[in-house]
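Worksheet: the structure to be examined is printed underneath.
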Amino acid sequence: MAQSAALLTDESLFGTTITLTNCDREPIHIPGLVQPYGFLLCLDETTKQVVQASENVEAHVGISADELLHKGLERLLGPDRLAAVQALWPTLGTTPKLLGARLDYVKGQPFFKLILHRYAGLLWVEFEPVAETEVSALDLPSLNNTLAQMLEASTVQEFSQRAVEHVREITGFARVGMYRFAPDESGEMIAEDKRTDLDPLLGLHYPATDIPQQARAMYLKNWLRFIPDVDYVAAPLVPVRTPSTGRPPDMTHSVLRSVSPIHIEYLKNMGVAATMTISVIQDGQLWGMLMCHHDSPRLISFELRELCLFIAKTFSALLHNKEQLEQSAYQLRIQEAKTRLFEQMARQPNFLAGLYQQPTTLLDVFDCGGAAIFFEGELITLGYTPTEPQLLELLGWLRANVRQDVFYTDSYARHHPAGRAVRATASGFLAITLSQEPGDYIIWFRPEVLQNVAWAGKHEKVEKMDDGQLFISPRQSFEAWSQEVEDTAAPWLPLEVEAARALRLHISDIRVKMFNELQARAASLSRLNTELTRSNDELDSFAYIASHDLKEPLRGIHNYSVFLLEDYADLLDEEGVSKLKTLVRLSERMEALIDSLLQMSRIGRLDLELQATDLNQLVGEVIELLHPRLEQTNTTVAVRGPLPTVQADPTRLREVLNNLLSNALKYSNKPDRQVTIGEAEPGKAGVLGAINPEGYYVFYVQDNGIGIDPRHHETIFRIFRRLHSQEKYGGGTGAGLAIAKKMIEKHGGELWVESVLGEGATFYFSILKII
Ligand code: ADP
């Protein structure tokens with residue numbers, strides 16, 4: 001048996017050649033030997049005479065085993081004690097009963113404890129010398145305190161920790177640990193209290209093979225095993241076989257039963273000189289063991305052992321409750337994480353982002369290493385996951401093979417060979433579909449158990465016995481276990497699977513709701529759009545018709561007013577002439593307004609003639625055109641070139657530039673006016689915020705003029721909006737910017753201004769890049 005087994009059990013293989021397969025057949029319950037710290041007498045149930053005695057009785061009391069055979073206990077006990085023992089006979093079963101007794105007919109009359117039970121047709125009387133380290137076993141206040149602490153513990157780990165601490169406190173063992181079995185019967189040290197100079201065993205795992213099946217079966221019957229001194233020479237029973245049966249007796253309930261010499265050897269190799277192990281049993285199953293080790297012989301009194309047993313039994317009884325508490329806490333955590341995810345999803349425009357953006361993510365829902373979301377061709381990963389190609393392979397496998405909406409496995413490799421390569425992150429996974437048709441998934445991953453495990457055998461040195469017998473070395477033992485748990489992750493609990501199912505339903509609900517909302521919104525948007533286009537078209541044609549029709553009579557008014565001025569000015573007084581002049585001016589202004597309106601309405605119906613337009617050239621032409629005015633106003637124009645060639649309608653773009661440049665030199669009080677034209681820094685986005693700024697060219701026209709109060713940054717783009725009285729800054733209809741904006745928008749861009757009053761203005765316009 002592996003040395004690690006010695007840590008765990010007081011049983012091992014005995015006598016024969018030992019292999020992994022036959023160690024389960026080792027007859028450990030019938031060794032025919034006892035540990036010599038006490039001695040054993042087996043009495044026939046009916047005759048009450050000694051039929052077997054351990055050979056070492058002589059060493060203890062100076063009377064040989066043979067001398068005791070076929071006699072009653074009166075050979076050792078005086079009448080009072082004998083009567084007390086006889087009174088116990090009828091009450092005896094497999095549970096040992098204790099009686100303290102001085103051995104009256106023995107030299108020096110030593111004091112022993114008699115531990116009695118009835119089993120297999122025999123009355124078993126085991127004599128234990130009173131322990132040298134004997135302390136008063138029952139300290140009720142301290143026991144009370146321990147039980148209170150154990151009751152308070154909210155996790156199994158904490159519960160175990162308190163139990164081991166108390167057992168160590170009352171027994172003084174150098175190390176006390178709680179060892180828990182996994183469903184595959186491998187085990188882990190989950191709690192430990194030890195002397196500081198010892199190496200910790202906490203967290204170490206042990207393969208199932210370390211404890212043979214027959215040992216497990218015996219531990220269910222006999223809760224406590226004790227070896228006060230591993231350095232013992234076993235004493236045989238005399239005779240070894242029970243006369244009535246002709247076989248060595250079944251020593252399952254015997255306190256002194258001798259254990260396998262190999263086991264003893266291992267204990268010695270580990271520096272363990274004394275051990276006590278107590279079973280923890282839940283619903284008739286071996287849940288774990290409380291293990292005590294000491295590095296020198298340690299005789300613990302029967303009463304103290306019984307007290308430890310009491311603690312282990314109390315532990316066993318409360319265990320269910322603690323496990324439920326722990327499970328409820330986990331359930332609560334899952335529930336809380338789920339609720340937070342739902343809230344996050346509700347707040348996100350893209351509901352899936354609610355699953356992977358902080359503070360709560362999919363990783364918080366379950367104990368897992370990583371998670372992935374496959375959604376409409378996108379892949380998002382969280383925590384530790386396989387690589388993208390491996391994930392895509394897994395996705396392909398799921399799509400091809402899994403029809404369930406919720407699928408889970410603790411061993412992907414069992415289903416698909418590709419699972420072997422990803423066992424470090426995705427030995428197990430839990431997947432839920434995101435759509436009606438399988439295809440989109442959320443998946444949680446768990447690593448292979450082996451990856452997380454500290455293996456006990458790695459810490460051990462001894463692999464070979466002196467006598468050359470084959471045995472399960474720590475390495476072989478580990479390998480056997482690795483094969484069992486290879487490619488396997490911690491299993492998915494039913495409550496986890498249920499929570500995943502609920503999450504899936506909720507996500508489906510949200511998707512259906514969002515889909516409906518989107519459809520409704522899209523329908524109303526398209527309705528609005530059609531209406532808008534229609535009313536725009538109507539407005540455009542109305543403006544066109546109105547302005548066109550108005551122009552005729554207006555022309556007449558203008559012409560007649562000019563005739564009047566030319567031909568009848570002499571007949572009018574000065575006031576009359578002045579009024580007539582105002583009439584001419586107003587009709588001219590009205591004509592200009594109508595022209596603007598006409599121009600504006602035309603843009604709506606205009607088809608752009610897009611072509612490669614070299615902006616360097618276009619800007620040059622506009623500057624050329626404005627040259628006289630630039631000189632008049634003492635304006636310098638700097639072009640930060642070279643500018644790109646864009647796809648645009650050059651006539652329209654020329655009008656835009658012309659308007660912006662004219663404004664730049666118009667709206668200024670400075671004696672030296674400066675205008676700069678150039679391309680904006682990459683990433684500059686308009687007021688509406690282009691979704692993809694890289695898809696646009698952005699240009700600017702900057703001046704050092706009067707600037708515009710931010711309050712008016714929007715209004716100046718409305719038709720006929722001027723910020724100044726008619727005469728100021730050279731006049732204007734207030735339509736230029738509105739027309740320019742509409743033209744830019746026709747090019748798929750935006751026109752906007754950035755300015756502070758008194759500090760100049762920068763007009764930006766963007767043009768969609770067309771490749
Ligand atoms: P108009 O120049 O015919 O008045 P616009 O539509 O071109 O009409 O401009 C609207 C208003 O925006 C102008 O009246 C002016 O008040 C303001 N504006 C335009 N460009 C500038 C500029 N570069 N600096 C300061 N104000 C400006």
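Overview of results
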read-out: Members of segment 713-729 that are more than 9 Å from the ligand (Cβ to nearest atom) and closer than 21 Å to W752 by Cα; value: H713, E714
read-out: Tally of residues being touching a residue at least 12 places away in the same chain (Cβ under 8 Å), closer than 16 Å to L606 by Cα and among the hydrophobic types (A, V, I, L, M, F, W, C) across segment 543-560; value: 1
read-out: Tally of residues being out of contact with any Phe, Trp or Tyr (no Cβ under 9 Å at 6 or more places or on another chain) and either at positive phi or not in a strand (DSSP E or B) (or both) across segment 373-397; value: 8
read-out: K684, sole failed condition from (1) charged (D, E, K, R); (2) open to solvent by 70 Å² or more (accessible area, probe 1.4 Å); (3) under 56 Å from the mean Cα position of the chain (by Cα); (4) away from the ligand (no atom under 15 Å from the Cβ); value: (2)
read-out: Residue match in segment 631-646 (condition: free of Cβ contacts under 8 Å to residues at least 12 places away in the same chain and surrounded by fewer than 16 Cβ atoms within 10 Å (Cβ to Cβ)); value: yes
read-out: Residues of segment 227-240 classified as part of a strand (DSSP E or B) and open to solvent by less than 10 Å² (accessible area, probe 1.4 Å), total; value: 3
read-out: Matching residues in segment 730-747 - criterion: being in contact (Cβ under 8 Å) with a residue 40 or more places away in the chain, more than 7 Å from the ligand (Cβ to nearest atom) and under 60 Å from the mean Cα position of the chain (by Cα); value: I739, A740, K742, M743, I744, K746, H747
read-out: Enumeration of residues in segment 718-745 that are open to solvent by 20 Å² or more (accessible area, probe 1.4 Å) and outside any helix (DSSP H, G or I); value: R718, I719, F720, R721, R722, L723, H724, S725, Q726, E727, G732, T733
read-out: Residue count for segment 236-250, restricted to those that are in contact with a Gly (Cβ under 8 Å, 6 or more places away or on another chain) and of a type in the set (A, V, I, L, M, F, W, C); value: 2
read-out: Neighbours by Cβ (under 7 Å, 6+ apart or cross-chain): first from segment 665-681, in contact (Cβ under 8 Å) with a residue 12 or more places away in the chain; second among the aromatic types (F, W, Y) and open to solvent by 10 Å² or more (accessible area, probe 1.4 Å); value: K666/Y729; Y667/Y729; G678/Y700; E679/Y697; A680/Y700; A680/Y764
read-out: G284 being within 29 Å of G121 (Cα to Cα), open to solvent by 10 Å² or more (accessible area, probe 1.4 Å) and small (G, A, S); value: yes
read-out: Check on L564, in contact (Cβ under 8 Å) with a residue 12 or more places away in the chain, in contact with a Leu (Cβ under 7 Å, 6 or more places away or on another chain) and open to solvent by 40 Å² or more (accessible area, probe 1.4 Å); value: yes
read-out: Y697 more than 10 Å from the ligand (Cβ to nearest atom) and in contact (Cβ under 8 Å) with a residue 40 or more places away in the chain; value: yes
read-out: Residues located in segment 157-194, provided they are touching a Cys at 6+ places or on another chain (Cβ under 8 Å) and either β-branched (V, I, T) or not in a strand (DSSP E or B) (or both); value: V167, R168, I170, T171, F173, V176
read-out: Which numbered condition S668 misses (of (1) crowded, with 19+ Cβ neighbours inside 10 Å; (2) more than 8 Å from the ligand (Cβ to nearest atom); (3) of a type in the set (S, T, N, Q)); value: (2)
read-out: Selected residue (criterion: farthest from P200 (Cα to Cα)) from residues of segment 237-272 that are more than 48 Å from the chain's Cα centre (by Cα) and among the hydroxyl-bearing types (S, T, Y); value: S244
read-out: Residues (within 16 Å of G749 (Cβ to Cβ), more than 13 Å from the ligand (Cβ to nearest atom) and in a helix (DSSP H, G or I)) located in segment 649-665; value: P650, R652, L653, R654
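The values are calculated or read from the model by the stated rules, or taken from the named source; none is laboratory data. Keep in mind the model is a prediction, meaning the values are calculated, not measured. Neighbour counts run over all protein chains shown; Cβ positions are idealised from the backbone, glycine included. Note: accessible area is taken over every heavy atom of the protein model, side chains too, but ligands, DNA and RNA are not part of it. Shrake-Rupley method; radii C 1.70, N 1.55, O 1.52, S 1.80 Å.
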